[in-house]
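These notes are about the structure you will find just below.
The values are calculated or read from the model by the stated rules, or taken from the named source; none is laboratory data. All of these numbers come straight from a predicted model, not from anything done at the bench. Cβ placement follows ideal geometry from the backbone for every residue including glycine, while neighbour counts extend to all protein chains displayed. These accessible areas exclude ligands, DNA and RNA; they are computed on the full protein's heavy atoms, side chains included. Shrake-Rupley method; radii C 1.70, N 1.55, O 1.52, S 1.80 Å.
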Amino acid sequence: MRRILACALGAAAGLAGAGAAARQLRRRASLPPAENLAADAAAAAGRRVPILLFFDRDDCPYCERALREFLVPMAGDPAWRDRAIFRQVGIDRATPLVDFAGASTTHQALAARYRASLAPTVVVVDARGEPTGDPLVGLLTVDFYGAYLEDAVNAGLRKLRG
């Protein structure tokens with residue numbers, strides 16, 4: 001009986017460890033969360049760059065892939081940091097944030113404002129929070145996703161810089 005109990009406890013610990021590893025993996029593949037979009041807007045206006053809003057869900061494997069393979073590397077690249085401000089917004093999270101007007105809201109409410117109900121969705125906006133082009137909805141064709149992201153940011157830059 002002790003051996004069965006020990007095996008059961010070991011298996012439970014292993015599952016808990018796997019869950020913790022999965023959560024850790026999830027944390028590593030993320031952009032800075034949207035917290036104060038009014039402050040981000042002031043920075044974007046000063047730098048004349050757009051803000052890329054990445055809308056995701058916790059249970060979305062396509063979001064994880066978009067983050068890991070495209071967005072996190074882009075956000076970490078100095079050339080891209082000079083072209084956009086990257087923020088992550090959880091469609092399924094009630095995390096509080098300050099919106100572009102300085103009002104208190106949540107990630108869920110911001111997602112609703114941009115009609116981002118499917119994940120992943122990317123919306124590139126100007127310093128007022130106005131979209132600079134059409135949203136990218138879904139992972140689309142993985143082979144071209146990086147080009148789609150680049151086109152969206154470049155469209156935002158053209159709109160802001162003339």
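Remarks
- Checking each residue in the range 122-156 for being farther than 15 Å from residue 84 by Cα, surrounded by 14 or more Cβ atoms within 10 Å (Cβ to Cβ) and without any contact (Cβ under 8 Å) to a residue 60 or more places away in the chain picks out 135, 136, 137, 140.
- Against the test of being among the small types (Gly, Ala, Ser), in contact with a Pro (Cβ under 8 Å, 6 or more places away or on another chain) and in a helix (DSSP H, G or I), the options 116, 147, 66, 152 yield a single qualifying residue, 66.
- As a summary of the residue check, residue 101 satisfies the conditions (1) under 23 Å from residue 161 (Cα atoms); (2) among the small types (Gly, Ala, Ser); (3) open to solvent by less than 30 Å² (accessible area, probe 1.4 Å) except for the one numbered (3).
- Unmet criterion (only one of (1) among the small types (Gly, Ala, Ser); (2) within 16 Å of residue 120 (Cα to Cα); (3) in contact (Cβ under 8 Å) with a residue 60 or more places away in the chain) for residue 90: (3)
- Test: residue in the range 53-75 that is at pLDDT below 95 and of a type in the set (Gly, Ala, Ser): no
- Residue in the range 97-106 that is under 13 Å from the mean Cα position of the chain (by Cα) and either assigned to a loop (DSSP other than H, G, I, E, B) or among the acidic types (Asp, Glu) (or both) present: no
- Residues satisfying the stated conditions in the range 53-98, i.e. in contact with a strand residue (DSSP E or B) (Cβ under 8 Å, 6 or more places away or on another chain) and open to solvent by 70 Å² or more (accessible area, probe 1.4 Å): 57, 58, 96
- With respect to (1) in a helix (DSSP H, G or I); (2) open to solvent by less than 80 Å² (accessible area, probe 1.4 Å), the lone exception for residue 159 is condition (2).
- Within the range 109-133, the set of residues being more than 17 Å from the chain's Cα centre (by Cα) and not basic (Lys, Arg) comprises 127, 130, 132, 133.
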